[in-house]
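Computed from the coordinates by the stated procedures, all read-outs in this text should not be read as laboratory data. Since the structure is predicted, the reported quantities are computational estimates derived from the model, not experimental observations. Please note: Cβ atoms are built from the backbone with ideal geometry, for glycine as well, and neighbour counts cover all protein chains shown.
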Amino acid sequence: MDILALRPVPAAAVLMAITRRCPLRCRHCSTGSLPASEEHPGEIFRRFAGTFAPGDGPRLVMLTGGEPLLRPRLARSLAEAAARGGARTMILSGMFFAPRVPPAAGEAVRIPPAIEEAIDAADHFSASLDAFHEEEVPRESVFAVMRALLARGKDLSFHVTGTGPGDPYLRDVTSAVRREFGDRVPMLVGRVRPVGRARTTASSFPAAAAGNASRAAAAGTVTAPGTGPPAGTGTTTTTGAVTGTAGSALPCAMAAWPAVGFDGTITACCNQDVVDHRPVPGHLRLGHAGTDDWGTVRERCLGSGALRALRTYGPLWLAGAPPERGYCETCRTLDVPPPAPTPAAAFVERQVLGLQLAGGGRGFARRYGCPPYDDLVSLGHPEREHDL
Ligand code: SF4
């Protein structure tokens, strides 16, 4: 919940996709990862993390992939560099290292030492859990690893994905996590998006979220925790179709955290199509980890008129486009000047950010996750205990 509360804050964090490789072959993989997918020298990422400094660095570094723990020594060194720069680190893993055969009751689970050291170096560890990952790694094995980490005092969460609010898998798995971990481990529940491998396999997914799929297709997708298309592009009907008026204002909170892609290119958001395609549209390119430092990237993120306008009004309003045209699709082809930097524009910008901050982590999960499950991001949080 604390991490998601930071999500709309420009340059509060940086996402680093340190490899596209992954040994798993989950059918819904948004990055289309394979064991031999692209991977670039770790020095690119180390150099960039070396430019973080206390008081002049991100507050959070999120290591993703592909599977970031395929490069455990790199992940560890980035977590250590982040700590020297005053940042905390989170790792998101698909749990390929969990034993294929779940350990028997009372039997200790073995985590490969290099991976254990990387997890130890990070402040927060999150495991992906969904029907597609469960085809590759048994749920009980994932639970065994998470139990072992929790017993050692690790701060944990799950990233759970389903096909939509009516997906029976989501009911089952969220109940299982709550039972298993006594409501101490939060979950961010999202919806599978038709990008990457899911673009070709989505037709085989359960029909529960046919409407969501069409909405997601319209809005594009992102791969990182707490991200996804806003759920309110116009009005969503019971069939999932989106209606609305041309140029509806719908701020994009995703244009807040710079994302370092697999090759070191730094983009203004982690929308998979933005991360993957070259050239990156000019208004969404912030630099390169091999040549730019954090201070420069941060200034570009904060100062760009286009990004400030996207964060305040969203692409549809800026382009005067109807929602049917697609949210992120409209953004990627945006070719209009941002509004003039007047005092009124600055006031509106502050108000929009203030509204998002007031919604906190739960508000963010409601908007970008799977709404019936948004409250699960607060499991184990002291504020939830206080509310109860
Ligand atoms: S609207 Fe633009 S900035 Fe926001 S997530 Fe989509 S592509 Fe990225």
Note to self: Per residue of region 267-277, what does 6.51 cos²θ - 1.76 cosθ + 1.60 with θ = phi - 60° give for ³J(HN,Hα)? Whole Hz please, x for Gly and Pro, Karplus curve as stated.
What the structure shows: 10, 7, 8, 10, 3, 4, 5, 6, 5, 8, 8
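Exactly which GluC sites (Glu not before Pro) in region 90-135 are in a DSSP loop and have at most 11 other Cβ atoms within 10 Å? Could the numbers behind the result be given before it?
Details: sites: E107, E116, E117, E134, E135; in loops: E107, E135.
Here the sparse-neighbourhood loop sites are E107.
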Item checked: Range of Cα positions in the chain per principal axis (Å), largest first -> 63, 48, 46
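Using a Förster radius of 30 Å, what is the FRET efficiency between V109 and D2 based on their Cβ-Cβ separation? Nearest 0.05, please. Each step should come with its number before you reach the end.
On the way: r = 27 Å, r/R0 = 0.92.
Taking R0 as 30 Å, the efficiency between V109 and D2 is 0.65.
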Notebook entry, point to check: Roughly how large, in nm² to one decimal, is the mean projection of the convex hull of the alpha-carbon atoms in region 120-209?
Noted result: 6.3 nm²
Next item on the list: Would you please give the residues with an amide H less than 5 Å from that of V160, counting only those at least 5 places away or on a separate chain, with H modeled from the backbone geometry?
Entry: L129, L188, V189, G190
Next item on the list: For the chain, set up a Gaussian network in which alpha carbons nearer than 10 Å are linked by springs, and say which option among A49, A87, A148 fluctuates the most.
Entry: A148
Item checked: Fluctuation leader among P138, P343, P258 - the chain, Gaussian network, Cα springs under 10 angstrom -> P343
Checklist line | Neighbour-count order for W257, W317, fewest beta carbons within 10 angstrom listed first | finding: W317, W257
Margin query: Can you give the local net charge around E117? Use residues other than it whose beta-carbon is closer than 12 angstrom to its beta-carbon, Lys and Arg +1, Asp and Glu -1.
Written below: -1
Note to self: If I build a Gaussian network model for the chain, linking alpha-carbon pairs within less than 10 angstrom, which residue out of G326, G153, G86 has the largest mean-square fluctuation?
What the structure shows: G153
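Among bridges DSSP assigns within region 2-387, what percent are antiparallel (round to 5)?
Working: 9 of 36 bridges.
Of those bridges, close to 25 percent are antiparallel.
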Note to self: Shape verdict for region 1-89, please, from the Cα gyration tensor: rounded (a/c under 1.5), prolate (a/b greater than b/c) or oblate.
What the structure shows: oblate
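Largest first and in whole Å, give the semi-axes of region 238-331's equivalent ellipsoid, each being the square root of 5 times a Cα gyration tensor eigenvalue.
Details: eigenvalues 143, 41, 19 Å².
They are 27, 14, 10 Å, listed from largest to smallest.
Order the peptides 50-59, 306-315 from the highest to the lowest mean number of other Cβ atoms within 10 Å of their residues.
So the order, starting with the most tightly packed, is 306-315, 50-59.
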Notebook entry, point to check: Using a Förster distance of 41 Å, how high is the FRET efficiency between E117 and R171, based on the Cβ-Cβ distance and rounded to 0.05?
Noted result: 0.65
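How big, in percent, is the set of alpha carbon pairs in region 18-169 lying more than 22 Å apart?
On the way: 4891 of 11476 pairs.
Tail fraction, whole percent: 43.
Quick one: grab the alpha carbon gyration tensor of region 282-359, order the square roots of its eigenvalues as a ≥ b ≥ c, and give me rounded if a/c is under 1.5, else prolate or oblate depending on whether a/b is larger than b/c. If you can, show how the numbers build up before the last one.
Details: a/c = 1.79, a/b = 1.20, b/c = 1.49.
It is oblate, given that a/c is not under 1.5 and a/b is not larger than b/c.
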Item checked: Where GluC sites (Glu not before Pro) fall in DSSP loop in region 1-105, at most 12 other Cβ within 10 Å -> none
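I need the GluC sites (Glu not before Pro) found in region 285-329, filtered to DSSP loop residues with at most 10 other beta carbons within 10 Å of theirs.
Nothing satisfies the criteria.
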Check: Quick one: Cα centre-to-centre distance for region 291-347 and region 4-24, in angstrom?
Finding: 20 Å
